[in-house]
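Here is the structure we will look at.
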Number of protein chains: 2
Amino acid sequence: MWIKFVGYWYAEPMSTGPSPSIVLGEGLTVWLTGLPSAGKTTLAAALEKRLLAEGHRVEVLDGDVMRTRLTKGLGFSPEDRDENIRRIGFVAHLLSRNGVIAVVPVISPYRSVREEIRELHDGRFFEVHVATPVEVCSERDVKGLYARQRAGELSGLTGVDDPYEPPVSPEMVLHTETSTLDESVEALWQALHS
Amino acid sequence: MWIKFVGYWYAEPMSTGPSPSIVLGEGLTVWLTGLPSAGKTTLAAALEKRLLAEGHRVEVLDGDVMRTRLTKGLGFSPEDRDENIRRIGFVAHLLSRNGVIAVVPVISPYRSVREEIRELHDGRFFEVHVATPVEVCSERDVKGLYARQRAGELSGLTGVDDPYEPPVSPEMVLHTETSTLDESVEALWQALHS
């Protein structure tokens with residue numbers, strides 16, 4: 001068995017943040033965390049489209065783009081991952097406090113740095129756990145990372161041989177393995193407008 | 001004589017960009033380039049205050065703050081300086097295209113990377129050369145850098161033993177050695193509203 005499942009089951013959490021309806025128009029960071037191929041980027045793009053159509057200012061801070069523009073030279077050690085996420089969180093904060101909805105689809109495996117970014121945001125933070133199980137992610141394998149890990153060409157893959165710490169109290173949990181993309185985006189959109 | 005003056009004189013340039021009045025309310029990057037102690041940060045703070053009072057969204061991306069939040073680990077080699085400026089320019093671009101006035105007081109000694117950032121901005125770029133002569137800067141010496149350079153504790157100081165390439169066609173040139181702070185800010189504010 002090549003998959004070591006490092007996630008764990010947890011109860012569906014209650015929202016602990018402020019009602020996002022208060023701040024959506026005034027800027028908010030929507031943070032999508034989850035395993036590789038969980039569907040974060042796809043969700044982000046679909047959400048961006050809907051929010052732009054409503055007239056909001058939206059920026060998607062994609063992890064891969066950020067790694068070339070903002071965090072070049074950083075690797076995938078725990079320290080480098082944290083610094084990567086910290087910088088993206090800093091930029092999301094600058095945007096969200098200026099009326100922009102920053103949508104951030106990044107693995108962001110470690111809980112402590114996500115909590116650090118939540119605190120920086122002072123309420124303007126909506127954390128979504130894209131909780132697709134690793135078995136489903138490894139079948140989708142959008143970037144071929146799971147295959148490369150199996151072939152021994154890559155190590156340190158989050159959720160397989162590197163830890164993923166799921167959020168304890170995210171504002172939302174999405175199960176993309178049992179919902180269509182449209183359903184997931186609709187649920188997310190509703191939650192942001194409720 | 002300990003100062004090697006690496007700047008040079010130039011004719012007062014004409015504006016080559018679009019009229020900023022078109023885009024001020026829709027986001028703009030105001031890029032303040034010049035030697036250490038030229039007055040960039042002071043000007044940025046005073047401009048921020050006036051623009052905030054007018055109801056604009058404003059972010060000052062200070063070089064020193066950015067070096068801890070965005071570009072930690074980068075040094076002062078030409079490559080590192082360029083990467084530092086490139087990242088700040090990228091963030092300013094994200095802000096300015098979302099309706100924010102990004103005010104960026106950074107030495108940014110090299111012309112080519114400033115031009116790269118100008119192109120990225122696609123018109124939303126207002127470059128201000130804070131053209132305080134090095135003799136005046138070294139007397140002000142807000143951070144004690146010139147003294148440390150003279151004492152041999154520091155090398156690679158822009159304008160002294162490291163090059164500064166003044167803009168060829170900035171939107172504005174400010175001479176803080178012959179104007180008060182209020183006069184300089186007023187001139188800058190007027191130019192942004194003309």
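Can you pull out every residue in the stretch B:50-87 that is over 17 Å from the mean Cα position of the chain (by Cα) and among the basic types (Lys, Arg)?
Answer for the stretch B:50-87, where residues must be over 17 Å from the mean Cα position of the chain (by Cα) and among the basic types (Lys, Arg): B:50, B:57, B:69, B:72.
Within the stretch B:69-93, can you find the residues that are facing chain A (nearest Cβ under 10 Å), under 24 Å from residue B:45 (Cα atoms) and surrounded by fewer than 23 Cβ atoms within 10 Å (Cβ to Cβ)?
Scanning the stretch B:69-93 gives B:69, B:70, B:71, B:72, B:86, B:87, B:90, B:93.
Restricting to the stretch B:38-48, what's the tally of residues that are surrounded by fewer than 23 Cβ atoms within 10 Å (Cβ to Cβ) and either of a type in the set (Lys, Arg) or over 10 Å from the mean Cα position of the chain (by Cα) (or both)?
We begin by selecting, within the stretch B:38-48, every residue surrounded by fewer than 23 Cβ atoms within 10 Å (Cβ to Cβ); these are B:41-42, B:45-46, B:48.
Next, only the ones that are either of a type in the set (Lys, Arg) or over 10 Å from the mean Cα position of the chain (by Cα) (or both) stay: B:42, B:45-46, B:48.
So the answer is 4.
Residues checked against (1) touching a strand residue (DSSP E or B) at 6+ places or on another chain (Cβ under 9 Å); (2) crowded, with 17+ Cβ neighbours inside 10 Å; (3) within 30 Å of residue B:27 (Cβ to Cβ):
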residue	(1), (2), (3)
B:105	yes, yes, yes
B:118	yes, yes, yes
B:126	yes, yes, yes
B:131	yes, yes, yes
B:135	no, no, no
B:138	no, yes, no
B:156	yes, no, no
B:160	no, yes, no
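Go through the stretch B:132-180 residue by residue and tally those that are over 14 Å from residue B:34 (Cβ atoms) and among the hydrophobic types (A, V, I, L, M, F, W, C).
4
Just checking, which of A:108, A:112 is of a type outside the set (Val, Ile, Thr), in a loop (DSSP other than H, G, I, E, B), under 15 Å from the mean Cα position of the chain (by Cα) and away from every other protein chain (no Cβ under 13 Å)? Talk me through it step by step, then tell me what you get.
Details: A:112 fails: in a loop (DSSP other than H, G, I, E, B).
Exactly one residue qualifies, and that residue is A:108.
Here is a list: B:91, B:136, B:103. Which entry is part of a helix (DSSP H, G or I), out of contact with any Ser or Thr (no Cβ under 7 Å at 6 or more places or on another chain) and under 21 Å from residue A:87 (Cα atoms)?
B:91
Which of the residues spanning the stretch B:34-68 are touching a residue at least 24 places away in the same chain (Cβ under 8 Å) and within 14 Å of chain A (Cβ to nearest Cβ)?
Result: B:48, B:51, B:56, B:57, B:58, B:59, B:60, B:61, B:62, B:66.
A short reminder: the numbers here are calculations on the coordinates, not readings from a lab. Note that the coordinates shown come from a computational prediction; the quantities given were computed from them, not determined experimentally. Reconstructed Cβ throughout: ideal geometry from the backbone, glycine too, with neighbour counts over all protein chains shown.
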